[in-house]
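Undergrad: Structure below; questions to follow.
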Amino acid sequence: MNARGTPVVSCRGLTMAYGEHVVLDQVDLDIPRGQVVALLGPNGAGKTTTVEILEGFRRRSGGTVEVLGVDPQSAPEDWRSRVGVVLQSWRDHAYWKVRDLLEVMGGYYAPFSTPEVPRPWDTTELLERVGLAEHAGKRIDRLSGGQRRRLDVAIGLVGRPELLFLDEPTTGLDPAGRRDVHDLLADLADLDTTILLTTHDLAEAEKVADRLLILAGGSLVADGSPDQLRMELSRSSEVRLRDLTTGQVTVHAEPDPTAYLTDVLARRPGEVQVVEVRAASLEDVYLELVRRAESGEDLGPLQSIQEVAR
């Protein structure tokens, strides 16, 4: 088996339903080794459900799933040693010191050590790696928000996982703390660890991820790198028109705004006013994708975003 070429995560027809309520509907997904992937979507889109299925904490309704070549629903204990999880929040062991906690957590991974992958990570090396070497002797309740999140990531990494799940890594942090976590993720880019993070923050996802996945309406509606999505967006512009009779402003996404305006102004002379024409942003298309998916509308040309990525 070629470990480098084998997807770390592979889903086919992944479905999750609670009675008649379908949360995930026939989702297909592959994540190759070494990528940082951001999973985005509105509340209720299925992000947490997807991640919990991949982690083996929730049983799916249908489809096939492989994570590190194993079905998470029946994964053995040694498989779990290859996966790291960083939750959105932890119940703190506030009086523990940073180094002591990492050494205790790392001890759980020692039985799974191999010559190829020695476990756990050396505590001094890991503290240096996550930028906490100077705080090794500090009590956890004395850390700043950004430092605490660095410790969370260190706990997730202590067993040298092949795949790391990060749930909303900067929720509740101030701007300095958010920058701290973003810098940490950039520093980890050279590790042979695949990272799947969930976030509501599109700007954050653009900054730290190699690839963006957007879930909405139970489906994967966009899949591509930030550059690939921007390339697709450059083909359309946002046109805002005001109806001079009613005062209502309407917004239209158009691949050829000049032709569109020429046609509208010719058909409705003196009835409409051009308010604004601008290139669509990644946020614009994200919101439009979510709106269409949640309302059951055809995604139309926006579906080609997925084709660009493939």
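The values are calculated or read from the model by the stated rules, or taken from the named source; none is laboratory data. Keep in mind that this is a model prediction, so the values were computed, not measured. Neighbour counts run over all protein chains shown; Cβ positions are idealised from the backbone, glycine included.
Undergrad: Please enumerate the residues belonging to the stretch 70-87 that are assigned to a loop (DSSP other than H, G, I, E, B) and surrounded by 14 or more Cβ atoms within 10 Å (Cβ to Cβ).
TA: Residues satisfying the conditions are Ala75, Ser81, Arg82.
Undergrad: When you go through (1) assigned to a strand (DSSP E or B); (2) in contact with a helix residue (DSSP H, G or I) (Cβ under 8 Å, 6 or more places away or on another chain); (3) of a type in the set (A, V, I, L, M, F, W, C) one by one for Ala17, which number turns out not to apply?
TA: Among (1) assigned to a strand (DSSP E or B); (2) in contact with a helix residue (DSSP H, G or I) (Cβ under 8 Å, 6 or more places away or on another chain); (3) of a type in the set (A, V, I, L, M, F, W, C), Ala17 violates only (2).
Undergrad: Within the stretch 144-152, does at least one residue satisfy the condition of being surrounded by fewer than 20 Cβ atoms within 10 Å (Cβ to Cβ) and either farther than 30 Å from Pro118 by Cα or in the same structural domain as Val290 (by TED's automatic domain parsing) (or both)?
TA: yes
Undergrad: Let me ask another. State which residue is modelled with the lowest pLDDT when the search covers only the stretch 228-256 and only residues that are out of contact with any Lys or Arg (no Cβ under 9 Å at 6 or more places or on another chain) and part of a helix (DSSP H, G or I).
TA: My answer is Leu233.
Undergrad: Which fully enclosed helices (runs of 4 or more DSSP H) of the stretch 257-310 have 3 or more residues being at pLDDT below 80?
TA: Qualifying helices (runs of 4 or more DSSP H): 282-295, 304-309.
Undergrad: Just to be sure before I move on: is Ala94 at pLDDT below 95 and over 27 Å from Asp210 (Cα atoms) in the structure I sent?
TA: For Ala94, the condition - at pLDDT below 95 and over 27 Å from Asp210 (Cα atoms) - is met.
One line per residue, one yes/no per condition, for (1) of a type in the set (Lys, Arg); (2) within 28 Å of Thr48 (Cα to Cα):
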| site | (1), (2) |
| --- | --- |
| Gly84 | no, yes |
| Trp96 | no, no |
| Pro115 | no, no |
| Asp122 | no, no |
| Arg139 | yes, no |
| Ser144 | no, yes |
| Leu151 | no, yes |
| Arg160 | yes, yes |
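Undergrad: Another one. If you go through the stretch 114-139 one residue at a time, how many are in contact (Cβ under 8 Å) with a residue 40 or more places away in the chain and in a loop (DSSP other than H, G, I, E, B)?
TA: So the answer is 8.
Undergrad: Please indicate, with yes or no, whether at least one residue in the stretch 93-107 is among the small types (Gly, Ala, Ser) and part of a helix (DSSP H, G or I).
TA: yes
Undergrad: Same structure again: Contact list please: Cβ distance under 9 Å, first residue in the stretch 212-227 and without any contact (Cβ under 8 Å) to a residue 24 or more places away in the chain, second residue surrounded by 24 or more Cβ atoms within 10 Å (Cβ to Cβ) and among the basic types (Lys, Arg), pairs at least six apart or on different chains.
TA: none
Undergrad: Just for the stretch 221-261: of the residues that are of a type in the set (A, V, I, L, M) and within 14 Å of Val285 (Cα to Cα), which one is surrounded by the most Cβ atoms within 10 Å (Cβ to Cβ)?
TA: Ala222
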